[in-house]
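The values are calculated or read from the model by the stated rules, or taken from the named source; none is laboratory data. Just so you know, these numbers come straight off a predicted model, no measurement behind them. Virtual Cβ from ideal backbone geometry, glycine too; neighbours counted across all protein chains shown.
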Amino acid sequence: MVDLKAVSPCNMGKAAFNTGRIFWLPYHKVKMSTVEKQYSGKPQANLQDQLQNCDLPFNRQFQRPTSRIPSKKDRLAEAKRLDSLGEHLKLSKTDINIYRNTYKHNICLDMLRQGYHKSFSEFTNLILNWNNVREAAGPGSDIWMEEPLDKQHNKLDHLQYFLIRAEAARRAAHFEEVYNNQLSLACYFKTVGDKLLSDHFFQSCLTTAEMITPAGGQKVAEANANMGMAFEEKGQLDKAAEHYEIFQQLTMGTTWQDENGCCHFAQACANLWRIYTSLADEYLENEQYKEANKSLRKAFDIAKEGGDKKMELAALYRVALGYLSSGDPDIAIGYLQMYLELSNSMDDDIGLGKTYEALAKALI
């Protein structure tokens with residue numbers, strides 16, 4: 001054991017320290033490094049002081065390692081654990097595409113993967129047409145305020161679900177089921193205010209209803225009523241009247257009702273009365289009195305067929321006013337007298353007041 005005190009700066013050239021061991025070298029002048037020169041002039045600190053100034057225990061100078069070198073068994077176990085973890089985290093190509101592709105793209109892939117090619121074609125064509133209409137409308141339009149259809153995920157989900165169901169029913173020749181799925185789409189898009197898509201599926205319902213046999217008459221009637229409503233909302237009253245007339249003809253003499261218990265025939269008469277009255281208003285604005293009176297007479301005849309006395313009263317009053325506007329007071333008085341009789345039978349005091357006012361104008 002070498003005494004550390006015996007090693008002095010005088011014989012540093014003869015000795016070198018390495019982890020507590022002393023190697024004796026031949027005595028010769030050794031060139032000192034910059035660091036050695038920096039600290040060679042400083043007094044050497046006492047070993048006991050150095051140990052007291054550190055956190056290590058007195059009985060050992062160097063801290064023991066906190067980790068050990070893993071054995072071969074440990075390495076194999078860790079490799080096996082990582083392989084097992086990788087199997088659980090392994091993603092398929094489909095899983096990767098879900099995050100890589102757009103929402104629309106994933107729906108298209110899903111449709112094609114399931115074999116619904118017609119649904120895929122209609123789905124993509126609807127999106128393309130919808131976006132083209134939006135671009136054509138331009139900034140400031142109502143449709144421009146909405147996102148492109150391929151960004152509206154809720155609508156895409158509804159399209160995928162019901163188009164697939166409709167195609168599956170069509171393959172099985174269950175056309176009533178096809179009709180119901182198309183009607184569900186039309187009603188959904190009408191609820192969310194997407195008239196472009198709702199009108200498309202109302203038209204699809206009409207086409208499908210004509211394929212339902214043998215008891216497809218009611219579906220055809222309902223489909224025509226929906227088409228009439230779609231054209232009426234767009235202001236195309238002539239086309240609306242055509243579909244409402246078919247609706248009335250198909251429901252005449254039937255007991256068909258809607259889900260609320262309303263008679264289809266009464267609805268058809270109310271729709272036609274409203275359309276012909278609106279057409280008459282347009283004719284009167286353009287001073288086409290002959291056409292206006294013709295439409296008002298049609299509206300009155302339809303109101304009588306519907307059996308609604310209030311609607312019949314309103315139609316009578318409008319016919320009388322129409323003839324007054326066209327300069328035919330005599331004909332107007334005849335309709336006003338009919339209105340007076342009907343008002344008396346219904347105890348309609350307000351109607352009586354309106355009748356006397358109109359009669360006064362006709363007799364002046």
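Figures for the structure shown
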| quantity | calculated |
| --- | --- |
| Looking only at segment 315-337, and only at residues there that are among the small types (Gly, Ala, Ser) and surrounded by fewer than 18 Cβ atoms within 10 Å (Cβ to Cβ), the one that is nearest to GLN248 (Cα to Cα) | GLY334 |
| One residue from GLU135, GLU122, GLU147 being among the acidic types (Asp, Glu), free of Cβ contacts under 8 Å to residues at least 40 places away in the same chain and in a helix (DSSP H, G or I) | GLU135 |
| Residues satisfying the stated conditions in segment 109-130, i.e. in contact with a His (Cβ under 9 Å, 6 or more places away or on another chain) and under 17 Å from ALA169 (Cα atoms) | MET111 |
| Residues that are outside any loop (DSSP other than H, G, I, E, B) and under 14 Å from ILE302 (Cα atoms), drawn from segment 244-263 | TYR244, GLU245, ILE246, PHE247, GLN248, GLN249, THR251 |
| Hits in segment 184-209 - residues which are out of contact with any helix residue (DSSP H, G or I) (no Cβ under 6 Å at 6 or more places or on another chain) and either of a type in the set (S, T, N, Q) or not assigned by TED's automatic domain parsing to the domain that holds ALA137 (or both) | THR191, GLN203, THR207 |
| Search result, residues across segment 172-203 that are buried (at least 17 other Cβ atoms within 10 Å of the Cβ) and under 18 Å from LYS234 (Cα atoms) | ALA186, PHE189, LYS190, ASP194, LEU197, SER198, ASP199, HIS200, PHE201, PHE202 |
| Residues located in segment 208-223, provided they are of a type in the set (Val, Ile, Thr) and closer than 17 Å to ARG170 by Cα | THR208, ILE212, THR213 |
| Residue list for segment 199-228, restricted to those being in a helix (DSSP H, G or I) and of a type in the set (Gly, Ala, Ser) | SER204, ALA209, GLY217, ALA221, ALA223, ALA225, GLY228 |
| Residue match in segment 233-248 (condition: touching a strand residue (DSSP E or B) at 6+ places or on another chain (Cβ under 9 Å), farther than 23 Å from ASP194 by Cα and surrounded by 15 or more Cβ atoms within 10 Å (Cβ to Cβ)) | no |
| Filter pass, LYS304 being at pLDDT 85 or above, in contact with an Asp or Glu (Cβ under 9 Å, 6 or more places away or on another chain) and within 16 Å of ILE275 (Cα to Cα) | yes |
| Filter result (in contact (Cβ under 8 Å) with a residue 12 or more places away in the chain and outside any helix (DSSP H, G or I)) within segment 167-198 | VAL192, ASP194 |
| Matching entry among GLU135, GLU146, GLU167 (being in contact with an Asp or Glu (Cβ under 9 Å, 6 or more places away or on another chain) and more than 23 Å from GLN114 (Cα to Cα)) | GLU146 |
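Each row is one residue, and each column tells you yes or no for (1) modelled with pLDDT under 95; (2) at positive phi; (3) of a type in the set (Gly, Ala, Ser).
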position: CYS205; (1), (2), (3): no, no, no
position: THR213; (1), (2), (3): yes, no, no
position: GLY216; (1), (2), (3): yes, no, yes
position: MET229; (1), (2), (3): no, no, no
position: HIS243; (1), (2), (3): no, no, no
position: CYS263; (1), (2), (3): yes, no, no
position: TYR289; (1), (2), (3): yes, no, no
position: ALA292; (1), (2), (3): yes, no, yes
